[in-house]
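The values are calculated or read from the model by the stated rules, or taken from the named source; none is laboratory data. Keep in mind it's a predicted model, so treat the numbers as computed, not measured. Because the Cβ atoms are built from the backbone with ideal geometry, glycine has one as well, and the counts that use them run over all protein chains shown. Quick note on the areas: whole protein, heavy atoms, side chains included, nothing else; ligands and nucleic acids left out. Shrake-Rupley method; radii C 1.70, N 1.55, O 1.52, S 1.80 Å.
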Amino acid sequence: SFTDNLNGDLLTLRPENTASVTRSVIEHNLTYSGPKKLWYYGQMFRHERPQRGRYRQFNQFGIEAFGFEGPEIEAEQLFLINRLWASLGFKKHSFPKLELNCLGSKGERLLFREALINYFSKYSGDLDEDSKKRLKNNPLRILDSKNPSLRGLISESPKITSFLGRASKNHIDNLCEMLDELNLPFKTNHNLVRGLDYYNLTVFEWKHEILGAQSTVCGGGRYDNLSELVGGKPTPAFGFAVGME
């Protein structure tokens with residue numbers, strides 16, 4: 001939200017749609033009769049300076065599913081996206097590549113966060129300005145840094161797998177088994193965290209090498225805690241968005 005310098009209008013522009021859809025589900029009690037699968041298409045905006053290959057105003061298509069606890073809904077959406085690449089004309093060998101990670105539960109992620117802060121604080125002099133800011137606000141985002149000079153430091157950092165409990169490990173293992181059964185190739189990337197910090201358990205991105213550093217064309221994950229965070233009842237949820245441009 002900001003005031004327009006030209007005419008003084010107060011503007012509010014959405015940077016993504018998951019939180020908006022979640023608030024709508026709560027306001028209209030859309031899950032009263034059971035789980036719901038929703039979709040959207042619309043304009044989103046970036047306030048910060050867009051990185052190369054990205055736009056200040058852009059369009060996203062997305063799906064959000066509420067009320068589904070297990071990994072089945074995750075496998076369903078990932079399979080749907082894989083079919084989307086085929087329908088858009090990608091040849092099998094040129095499909096975007098799927099990367100997965102598990103961020104665990106809220107408690108497990110907090111322990112991981114503390115470990116990252118302790119680790120990167122030792123090397124604060126080697127961090128770039130963005131990473132120094134992230135160290136205070138969201139240290140997991142340092143793992144997603146595109147700065148090549150930080151690759152060695154990041155590769156030696158603590159891994160989320162050391163903090164996952166049995167339930168979290170079973171969840172991601174079951175998803176991986178389903179993807180294998182669907183013959184859907186994927187790669188585990190323990191540095192994959194996503195840009196927003198409401199995710200838990202499964203997170204994923206589809207990347208295409210032709211796009212360089214900004215290679216993600218689709219991303220999402222599970223956000224079981226978001227509904228409660230914005231004033232609703234605890235509701236398991238999973239979704240994704242595709243940048244149309």
Where Asp4 falls short, out of the listed (1) out of contact with any Gly (no Cβ under 6 Å at 6 or more places or on another chain); (2) farther than 17 Å from Tyr198 by Cβ; (3) open to solvent by 50 Å² or more (accessible area, probe 1.4 Å)
(3)
The range 143-152 - residue that is without any contact (Cβ under 8 Å) to a residue 24 or more places away in the chain and in a helix (DSSP H, G or I) and, of those, least open to solvent (accessible area, probe 1.4 Å):
Gly152
Going through the range 90-125 in order, the residues found to be surrounded by 13 or more Cβ atoms within 10 Å (Cβ to Cβ), more than 30 Å from Asn170 (Cα to Cα) and charged (D, E, K, R) are none
Residues being hydroxyl-bearing (Ser, Thr, Tyr) and under 22 Å from Ser155 (Cβ atoms) - total across the range 200-243:
2
Just one of Leu184, Leu201, Leu175, Leu179 is hydrophobic (A, V, I, L, M, F, W, C), at pLDDT 85 or above and in a loop (DSSP other than H, G, I, E, B); which is it?
Leu184
Single unsatisfied condition, Thr31 versus (1) part of a helix (DSSP H, G or I); (2) surrounded by 16 or more Cβ atoms within 10 Å (Cβ to Cβ); (3) polar (S, T, N, Q)
(1)
Output the qualifying pairs, or none if there are none: Cβ atoms under 7 angstrom, residues six or more apart or on different chains, first residue in the range 128-142 and without any contact (Cβ under 8 Å) to a residue 12 or more places away in the chain and assigned to a helix (DSSP H, G or I), second residue open to solvent by less than 90 Å² (accessible area, probe 1.4 Å) and not aromatic (Phe, Trp, Tyr).
Lys132/Ser124; Arg134/Arg141; Arg134/Ile142
